[in-house]
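Down below is the structure, laid out as structure tokens.
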Amino acid sequence: MTLVLGIVGHPLDHSVSVPMHMSAIFTLGIDYVYLSFDILPENLPHAIGQFKKENIKGFNVTIPYKETIMPYLDDIDERASRIGAVNTIDNENGRLKGYNTDGTGYLTSLREQTGFDPRGKRVLMIGAGGAAHAVAYALLEAGARHITIANRTREHAEVLCRHLGVYFPSASLQSTGMDTLDSEGRTQTDLVVNTTSIGMKGAGDIAMDFTGLDRHTVVSDIVYNPLETQFLKRALRAGLAIHDGAGMLVHQGAESFRLWTGIRPPVDVMRQAVLRALQEHH
Ligand SMILES: NC(=O)c1ccc[n+]([C@@H]2O[C@H](COP(=O)([O-])OP(=O)(O)OC[C@H]3O[C@@H](n4cnc5c(N)ncnc54)[C@H](OP(=O)(O)O)[C@@H]3O)[C@@H](O)[C@H]2O)c1
């Protein structure tokens, strides 16, 4: 019997996850299908009930459900519960268990594309939303020494710092608004990462000047549509190493796939499918 996987979110037009996972399924020749489930917020509880009833094997969760879906799950992996968000649900013998593969996906991709090792490093992270929780957690887990979190709503950055401080008491964590990015960047920064949706679909840019940054600083953006955001284009022009969001998408997806199927999927095939889908639809 064909096992069903998928992605749950709203809105979900042209999800890149569908071709990405289907490319792995086709290459491996396994009896799975990966579908898109665009679900309105008021229908989420009912949909989860149906997923259990129909024995859906697993699904990814994206905007806006990464946190709100948590109370409906039977179990949550310890790491996901510490991060405070899930992006992967696995149906384990009728029980839905939540995981978070965003943070490890980010780190694997960052290391792969730039060779960056977070141990002992200073990070300037822009944004304090769901993805920021996972990225900051992964960087601290990998030994980052200091993170400044800059966010439009400063209170959200403060809350995230307090939350992370519980699990990483020896790390140095600082919150700020978006207006101090230039001065923050000049304070010995090894990695600048944008985790906000600024730059998505080509809209907008982060108001940060790169001229004050040290030459070794890596500039990273988790937005993958477009692959080269204005933020990354300016960093390249300033002669800095860059890291784009496609690798995070591929590696978080590969880890979800492994959780559901027990098989390590072909990441290069998935990456090609992502790049093709981005060219075709966006
Ligand atoms: N590459 C990947 O695999 C991957 C994985 C996950 C997410 N993402 C991308 O990451 C981005 C954020 O996702 P998320 O789940 O963290 O979303 P989220 O929880 O809604 O958080 C959004 C963040 O962006 C900020 N923001 C939004 N619009 C802004 C604006 N106009 N000006 C300044 N700040 C703004 C928010 O600030 P406030 O707190 O002030 O609202 C918040 O910090 C999305 O573009 C998503 O596609 C990529």
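The values are calculated or read from the model by the stated rules, or taken from the named source; none is laboratory data. As the structure is a computational prediction, the values presented were derived from the model and not from experiment. Note: ideal-geometry Cβ built from the backbone for every residue, glycine included; neighbour counts use all protein chains shown. Heads up: the accessible areas ignore ligands, DNA and RNA and are worked out on the full protein's heavy atoms, side chains in. Shrake-Rupley method; radii C 1.70, N 1.55, O 1.52, S 1.80 Å.
Miscellaneous remarks
- Qualifying residue in the stretch 244-260 (condition: among the charged types (D, E, K, R) and over 20 Å from the mean Cα position of the chain (by Cα)): no
- Of note, residue 28 does not satisfy the criterion of being touching a Lys or Arg at 6+ places or on another chain (Cβ under 8 Å) and surrounded by 15 or more Cβ atoms within 10 Å (Cβ to Cβ).
- Residue within the stretch 35-45 that is small (Gly, Ala, Ser), open to solvent by 40 Å² or more (accessible area, probe 1.4 Å), more than 16 Å from the ligand (Cβ to nearest atom) and outside the structural domain of residue 130 (by TED's automatic domain parsing) present: no
- Strands (runs of 3 or more DSSP E) completely within the stretch 155-262 that count 1 or more residues being near the ligand (Cβ under 10 Å from one of its atoms) and either out of contact with any Cys (no Cβ under 7 Å at 6 or more places or on another chain) or open to solvent by less than 60 Å² (accessible area, probe 1.4 Å) (or both): 191-194, 218-221
- Count of the stretch 117-130 residues, restricted to those that are open to solvent by 20 Å² or more (accessible area, probe 1.4 Å) and at pLDDT 95 or above, is 5.
- Put simply, of 63, 56, 25, 89 the only residue that is part of a loop (DSSP other than H, G, I, E, B), closer than 26 Å to residue 267 by Cβ and at pLDDT 95 or above is 56.
- In the stretch 32-47, the residues that are more than 10 Å from residue 9 (Cβ to Cβ) form Cβ pairs under 8 Å with partners that are in a strand (DSSP E or B) and open to solvent by 40 Å² or more (accessible area, probe 1.4 Å), at six or more places apart or across chains, as follows: 32/3; 33/3; 47/37.
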